[in-house]
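First comes the structure, then the notes that go with it.
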Amino acid sequence: MTAVSLGVPELPARPIAERRRSRRIQVGPVAVGGGAPVSVQSMTTTRTSDVGATLQQIAELTASGCQIVRVACPTQDDADALATIARKSQIPVIADIHFQPKYVFAAIEAGCAAVRVNPGNIKQFDDKVKEIARAAKDHDTPIRIGVNAGSLDRRLLQKYGRATPEALVESALWEASLFEEHDFLDIKISVKHNDPVVMIEAYRQLAARCDYPLHLGVTEAGPAFQGTVKSAVAFGALLSEGIGDTIRVSLSAPPVEEIKVGIQILQSLNLRERRLEIVSCPSCGRAQVDVYRLADEVTAGLEGMEVPLRVAVMGCVVNGPGEAREADLGVASGNGKGQIFVKGEVVKTVPESKIVETLIDEAMKIAEQMEKDGVASGEPAVTVS
């Protein structure tokens, strides 16, 4: 009889789809496009002119796994702060420019890793492209052409009637063509919309018509729950087709939450190594223990663990033993007690009151061994299925 491995199944070596071929740019030390890993971005919520508060928030984002950060620059005071922020930030800083083209030049001179421009609301932007291209080329500063449904050029709104995928793509490619006329190709493009269906179609059309790296985003996605769902749907559809080089989950929530969601999306598609994963029962009348409490307490107890580890917290005899056996570590609970599985084998049976502490203790042992064995570490990301 052929032996069957009961440990955690190996993940596919390749991601869900072959990546779209795009040119590569450098946003500071972070490579974007050209086969580089998909990077996760966010944006600070502080006034950029408040250098201390902005750097503090950037530090928090960096600790959560953020790779590139964007800062707003609506005033001269904000522009004056860019040089210090760009110099002291641990990750590349992108200046976000609207309305005033003079701040584009200020951001380039300040040493920002890239500049995002919104051609729909910068006055006489097209007339400034030659100067912007020259300055950006002189400083090796990439430009993101960021087209948004909410600030689309009036001419295109008149032509299409609303912010259609075609309107968004036409705006982006028109602006890119102006930079191309001045031999500037260090460009990244985004075409954001609040409707995932429109956004997906816009990026599909854009991907088919250019080879620039693409930054994905569902703009104004909404509060944490709604925005997470909309972003996961949109990013999942596009990334599963190989489209997308950087992502930002736009939530009405603290920026760190955006990073958590973004990282989890990439892990779910095998575009980033999976880390801590909690597999636990959904609501079910078969459960014989308080699975909600157990899952929450185990998650809290393992917070901060930095090795890839799958932990199954199961509450009944139907799927419990199988799921617990398939995980690195698991418990199959029932009748006030739980069988503890490690790598597919039952190692002990404990009363319900001891399940959480036993799982945490066994997880620490496994993590310690993984670290000794040189298993790659990373920030934890928790899923409940």
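The values are calculated or read from the model by the stated rules, or taken from the named source; none is laboratory data. Predicted, not measured: the structure shown is a model, and the values here were computed from it. A quick note on method: Cβ atoms are made from the backbone with ideal geometry, for glycine too, and the neighbour counts reach across all protein chains shown. SASA here: full protein model, heavy atoms, side chains in, ligands and nucleic acids out. Shrake-Rupley method; radii C 1.70, N 1.55, O 1.52, S 1.80 Å.
The table for this structure:
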| quantity | calculated |
| --- | --- |
| Residue-count net charge about Trp174 - beta-carbon cut-off 9 Å; Lys, Arg +1, Asp, Glu -1 | -4 |
| Globularity ratio of segment 192-301, using Cα Rg and 2.2 N^0.38 Å | 1.27 |
| Cα-based radius of gyration of segment 153-201 once divided by 2.2 N^0.38 Å, which approximates compact folds | 1.24 |
| Which labelled figure in (1) 45, 21, 18; (2) 47, 31, 25; (3) 31, 24, 23 is semi-axes √(5λ) of the Cα gyration tensor in Å, once derived from the coordinates | (1) |
| Modelled FRET efficiency - R0 45 Å, Asp127 with Phe225, Cβ distances, 0.05 increments | 0.55 |
| Value at 222 nm in deg cm²/dmol, rounded to 500, when DSSP H runs of n ≥ 4 in the chain each add -39,500 (n - 2.57) | -12500 deg cm²/dmol |
| Long-range amide H partners of Val218 with built H, under 5 Å | Ser250 |
| Rounded to the nearest 10 Å², the accessible area of Met364 at probe 1.4 Å | 90 |
| Lysines with Cα under 22 Å of Lys348, excluding same-chain neighbours fewer than 8 positions away | Lys337, Lys365 |
| Members of Lys159/Lys260; Lys130/Lys192; Lys128/Lys159 lying beyond 30 Å, as alpha-carbon distances in this model show | Lys159/Lys260 |
